[in-house]
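Enquirer: Quick one: the structure is below, questions incoming.
The numbers here are math on the coordinates, done by the rules we state, and not lab data. The structure presented is a predicted model; accordingly, all values stated were derived computationally and were not measured. Glycine also receives a Cβ, built like all others from the backbone with ideal geometry; neighbour counts cover every protein chain displayed.
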Amino acid sequence: MKSKYRMIIILMLLGLLTLSLSVFGEGNKSISLPEEAKVPQINYWITSQTYDPVRYEIGLMVAEKWKELGFDVKTTCLEWATMSSKGMKAHEHDVFMIQWGGKAERIDPFHWLYTLHHSSEAASGKYNVAGYENPEYDKLAEGFVTNTDLEKRREYAFKMQEILAHDVPQPPIVHRVVTHAYNKDDFENVVMAMGEGLNSFWNWINITPKGDRKILKYGYVGDIKLLNPLTTKTGADIYILNIIYDPLIRIDVNGKPQPWAAESYKQIDERTVEVVLRDNMKFHDGTPVTVDDVKYTFDLAKEVKAPYYSSKIKYLKEVKIVDNKTLRFVLVEPFAPFISNGLALVGILPKHIWEKQYIEKGAEGLLNWDNQPPIGSGPFKFGYWRPNEELKLVKNDEHFNPPKIEGLVRIPYAQAYGVVQGLKAKEIDGSGWSLLPLQIEEVKDARHLSLGRIDDQGYYMLHYNLRVAPFDDINIRRALTYAIPKKKIVQLIFEDLAVPAYSVVAPVNKFWHNPGIEKVGDNIEKAKSILEESGFRWDIDGHIYYPENY
């Protein structure tokens, strides 16, 4: 009888042991964990499906993978204006995604490697949206911009890409193939530029009417937001301001600097660039463009800390007027991208208008000024803007390189579907909104339309916020990024009209791209192992908790 009881007790103990193993033995799972150790919820901002189905669908796919790891993920649909204001400018986000355009001036990867990631750019309103701070990285970034030896800069760029791939503060997801449609029956001499497609400056001054209709109608998802070049950071605004204002230098479709408002320029030494201003230029109100206007523009941009220009001109010490045509830009120390990212991006402002506004409003007021009508010296003049209806620009006949079309009407649509239908119905003649495979399928049989395609050095990028939990933890960032199904996104959403992105410098930018970096993504098992090896724990329901004594 004793042996019978002993057997029952043994069986009971075995049952308890089995239950214990089932609860505690699967990874780092436990029945009860302290609530304060639970990893906080992730609020993932995504655009609506109607505004941008790409960001919407990618957002859902990514969120599902993160939930598989045990994270509590809340997806919140926001209007782009709100996302831009709260995320891009105020940095009040957990995580959100944007599509960065691969503009010509970004072939030199100063924007990708310095502006988006140097700690000096982490303040509110600046471009280091993640708040990434790494002293080792900063030192490399400073060497990258102050060294004028091209091969040495390339060495810096390669090392910086390695660090970013490991630290993943703002992981890129995919590089798309830009696909834009235009009305080939009525317009010709279209110029598709890397990353910009039809949005390129060179397209707007070269596209040519075939017949009597001289004004081109252009569709885009969403309206512009601001016409103040000192303030805006939005690509759609910048595309418009880029053809209203003239910079001294333009970057051509091959990424090479070309004199524009400057008749010529030369590097005097590592810290000095001399510029000769073009003759007979006028602002749209008839006032001559002078060296005083050029100097005032750069002085003002530095004085008010203009968000879009700040990183491009931070090394500028002073602008000296040599004579009535010549200026010298003196730098605090050598700054390799100054010509391609400083002189080529800052549009010349009319001193007689902006000086008056600055005296009346002060720096903060000037940055909040709506600048209507915008008066530049560029190839297009401002006509009118009826928000959420249309914006019209007209040809500047007095420009030294006037456009071939008489005007441009930009029509905003609430969603991509409207753009597609507008193209088919000939309501618009083109669009700078890149089409997705289903949209391409819908317009391909429209005989009046032609599709232009070009590889993009820009990308869809996730902006983590390293100022807040859980993104302040590198192991969580690496796990989350490894879980992103980049290859599946390329296949399912883009139908292979894109490539997975692992570096912030795209493969198409061959000289600067580092092909040997760690390729973080497409590996949910690796993501789990990173968390387990770092001591993260899960409760019986699979919710993730911080390690003990975290």
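Enquirer: Name the residues whose placed amide hydrogens come within less than 5 Å of the amide hydrogen of Tyr218, ignoring near sequence neighbours (fewer than 5 apart) on the same chain.
Expert: Here Val409, Arg410, Ile411, Asp429 satisfy the definition.
Enquirer: Here's a follow-up. Rounded to the nearest 0.05, what FRET efficiency is calculated for Asp138 and Asn189 with R0 set to 51 Å and r the Cβ-Cβ distance? Don't skip to the answer; put the middle values down first.
Expert: Details: r = 45 Å, r/R0 = 0.88.
Efficiency, rounded to the nearest 0.05: 0.70.
Enquirer: Just how large is the dipole of the chain about the Cα centre, in debye to the nearest 20, putting +1 at every Lys and Arg Cβ and -1 at every Asp and Glu Cβ? Numbers along the way, then the final one.
Expert: On the way: 67 positive and 73 negative charges, 103 e Å.
Using Cβ point charges on Lys, Arg, Asp and Glu, the chain gives about 500 debye.
Enquirer: A follow-up question, please. Could you list which residues have their amide H under 5 Å from that of Ile46, counting only those 5 or more apart in sequence or on another chain, with H placed in the peptide plane?
Expert: Thr76, Cys77, Leu78
Enquirer: Oh, and also: If we count every other residue with Cβ under 14 angstrom of Ile411's Cβ, Lys/Arg +1 and Asp/Glu -1, where does the sum land? Write out the running numbers ahead of the final one.
Expert: Numbers: positive: Lys217, Arg386, Lys392, Arg410, Lys426; negative: Asp223, Glu389, Glu390, Glu427, Asp429.
Counting the neighbours of Ile411, the net charge comes to 0.
Enquirer: How do Thr115, Thr290, Thr76 line up, fewest other C-beta atoms within 10 Å first? Numbers along the way, then the final one.
Expert: On the way: Thr115 23, Thr290 17, Thr76 12.
Going from least to most buried by this count: Thr76, Thr290, Thr115.
Enquirer: Then there is this: Sort Phe96, Phe400, Phe471 so the one with the fewest other Cβ atoms within 10 Å of its own Cβ comes first. Numbers along the way, then the final one.
Expert: Details: Phe96 25, Phe400 15, Phe471 22.
With the sparsest Cβ surroundings first, the list reads Phe400, Phe471, Phe96.
Enquirer: Where Rh is the Kirkwood radius over the Cα pairs of the stretch 47-104, the temperature 4 °C and the viscosity 1.567 mPa s, what D in µm²/s does Stokes-Einstein return? Walk me through the intermediate numbers first.
Expert: Details: Rh = 12.5 Å.
Stokes-Einstein gives a translational diffusion coefficient of 104 µm²/s.
Enquirer: May I ask you to evaluate 6.51 cos²θ - 1.76 cosθ + 1.60, the Karplus curve with θ = phi - 60°, for each residue of the stretch 454-463 and list the ³J(HN,Hα) values in order in whole Hz, giving x for glycine and proline?
Expert: So the J values, rounded to whole Hz, are 7, 5, 10, 8, x, 6, 7, 10, 8, 9.
Enquirer: Right, next: Can you tell me the FRET efficiency between Glu35 and Glu533 if r is taken as the Cβ-Cβ distance and R0 is 35 Å, rounded to the nearest 0.05? Present the calculation step by step, with values, prior to reporting the outcome.
Expert: On the way: r = 24 Å, r/R0 = 0.69.
In this case the efficiency is close to 0.90.
Enquirer: Same structure, new question: Post the alpha-carbon centroid distance, the stretch 208-229 to the stretch 494-538, in whole angstrom.
Expert: When both Cα centres are located, 37 Å separates them.
Enquirer: Let me ask something else about it. So what is log10(I(q)/I(0)) for the stretch 249-365 at q = 0.09, 0.21, 0.23 1/Å, when the Debye sum runs over its Cα atoms only?
Expert: Calculated log10 I(q)/I(0) at the listed q: -0.23, -1.29, -1.48.
Enquirer: Compute the length gained on full extension between Thr50 and Tyr550: take 0.36 nm times their separation in residues and subtract their Cα-Cα distance, giving the result in nm to one decimal. Numbers along the way, then the final one.
Expert: Details: separation 500, 0.36 × 500 = 180.00 nm, distance 4.18 nm.
That works out to 175.8 nm of additional length.
Enquirer: Helix-only mean residue ellipticity at 222 nm, the chain, DSSP H runs n ≥ 4 weighted -39,500 (n - 2.57), per residue, nearest 500. What is it?
Expert: Numbers: 15 runs with 165 residues, N = 550.
After summing the helix terms and dividing by the residues of the chain, the value is -9000 deg cm²/dmol.
Enquirer: Next question. Two-decimal Rg/Rh of the stretch 54-194 from alpha-carbon positions, Kirkwood Rh? Write down the numbers at each step before the final one.
Expert: Working: Rg = 18.2 Å, Rh = 17.7 Å.
Ratio of gyration radius to Kirkwood radius for the stretch 54-194: 1.03.
Enquirer: Which entries in Lys103/Lys444; Lys126/Lys159; Lys103/Lys225; Lys89/Lys444; Lys444/Lys486 show an alpha-carbon gap greater than 30 Å? Intermediate results must be reported in sequence, preceding the final value.
Expert: Details: Lys103/Lys444 26 Å; Lys126/Lys159 24 Å; Lys103/Lys225 19 Å; Lys89/Lys444 38 Å; Lys444/Lys486 27 Å.
Pairs exceeding the cut-off: Lys89/Lys444.
Enquirer: Continuing with the same structure: Applying the Karplus parametrisation 6.51 cos²θ - 1.76 cosθ + 1.60 with θ = phi - 60° to the phi angles of the stretch 238-247, what ³J(HN,Hα) value in whole Hz is obtained for each residue in order, glycine and proline being reported as x?
Expert: Ordered by residue, 3J(HN,Hα) equals 5, 4, 6, 5, 5, 9, 8, 10, 9, x Hz.
Enquirer: Sticking with this one: Once both axes come from the Cα atoms, what is the angle between helix 291-303 and the longest principal axis of the chain, in degrees from 0 to 90, rounded to 10?
Expert: Compared with the principal axis, the helix lies near 20 degrees.
Enquirer: Measure out, as a whole number of angstrom, how far apart the alpha-carbon centroids of the stretch 414-451 and the stretch 298-359 sit.
Expert: Each part reduced to its Cα centre gives a spacing of 40 Å.
Enquirer: Find how much the distance from Thr75 to Arg453 grows on full extension, using 0.36 nm per residue of separation minus their present alpha carbon separation; answer in nm with one decimal. It would help to have the intermediate numbers written out before the result.
Expert: Details: separation 378, 0.36 × 378 = 136.08 nm, distance 3.21 nm.
Length gained between Thr75 and Arg453: 132.9 nm.
Enquirer: Between Ala90 and Asp370, take the C-beta separation as r, use R0 = 22 Å, and let me know the FRET efficiency to the nearest 0.05. Could the numbers behind the result be given before it?
Expert: Numbers: r = 20 Å, r/R0 = 0.90.
Calculated value: 0.65.
Enquirer: Please provide three numbers in whole Å: the alpha-carbon extents of the stretch 185-241 along the principal axes, with the largest listed first.
Expert: Largest to smallest, the principal-axis extents are 38, 23, 19 Å.
Enquirer: Please compute the net charge surrounding Ile42, taking Lys and Arg as +1 and Asp and Glu as -1 over other residues with Cβ under 9 Å from its Cβ.
Expert: Details: positive: Lys74; negative: Asp72, Asp94.
With Lys, Arg at +1 and Asp, Glu at -1, the net is -1.
Enquirer: Return the distance in nm (one decimal) between the two label points of a simple spin-label model at Asp472 and Ile321, each offset 7 Å from Cα along Cα→Cβ.
Expert: 5.1 nm
Enquirer: Another question about this same structure. Sorted by packing (mean other beta-carbon atoms within 10 Å per residue), highest first, where do 260-271, 337-348, 535-546 land?
Expert: Details: 260-271: 15.3, 337-348: 23.4, 535-546: 17.8.
By packing density, highest mean first, the sequence is 337-348, 535-546, 260-271.
Enquirer: Could you tell me the center-to-center distance, by alpha carbons, between the stretch 135-198 and the stretch 245-267 in angstrom?
Expert: Taking the Cα centre of each part, the stretch 135-198 and the stretch 245-267 sit 19 Å apart.
Enquirer: What does the net charge come to around Tyr296 if you take all other residues with beta carbon closer than 9 Å to its beta carbon, with K and R at +1 and D and E at -1? Let's see the in-between values first.
Expert: On the way: positive: Lys295, Lys351; negative: Asp292, Asp293, Asp299, Glu355.
The answer is -2.
Enquirer: Let me ask something else about it. Give the shape of the stretch 355-498 as rounded, prolate or oblate, defined through the alpha-carbon gyration tensor: a ≥ b ≥ c are the square roots of its eigenvalues, a/c under 1.5 means rounded, and otherwise the shape is prolate if a/b is larger than b/c and oblate if not.
Expert: Values: a/c = 2.62, a/b = 1.19, b/c = 2.20.
It is oblate, given that a/c is not under 1.5 and a/b is not larger than b/c.
Enquirer: Can you compute the radius of gyration and Dmax for the chain, using only the Cα atoms, both in Å?
Expert: 26.9, 115
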